[in-house]
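*Asks:* A single structure is presented below for examination.
Quick note: the coordinates plus some simple rules give every number you see, no bench work behind them. As the structure is a prediction and not an experimental result, all values here were calculated from the model. Glycine also receives a Cβ, built like all others from the backbone with ideal geometry; neighbour counts cover every protein chain displayed.
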């Protein structure tokens, strides 16, 4: 029983310290569209070609990220770069009301990724 009494404060101290380290590892957050939150990165220190424009709505951001991934797959499999050949672009898994916004984001992400991967600036 005494072992547990001595172990408990030690475990609490270790967990408390690791919680502080984790909390310090994250940057500030900013609201997007009033609900979702994204991490605010310092883009001066990073190559931000794969970051969607800040003015994009959430569904456009998702499309952008999916477009980047689609372009990476096409590039890795040596396919001709054509956003229209991507199934998720032609038939996005979003409601009809958001399809055009998703496709717009997807197209931007796909083009940004292809420009980055091939070394051909847009």
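*Asks:* State, to one decimal in nm, how far the label point of residue 99 lies from the label point of residue 47, with both points 7 Å from Cα in the Cβ direction.
*Replies:* Label at residue 99, label at residue 47, 3.6 nm between them.
*Asks:* OK, next. Taking all pairs of distinct Cα atoms, average 1/r, flip it, and tell me the Kirkwood hydrodynamic radius of segment 50-122 in Å to one decimal place.
*Replies:* So the Kirkwood estimate lands at 11.9 Å.
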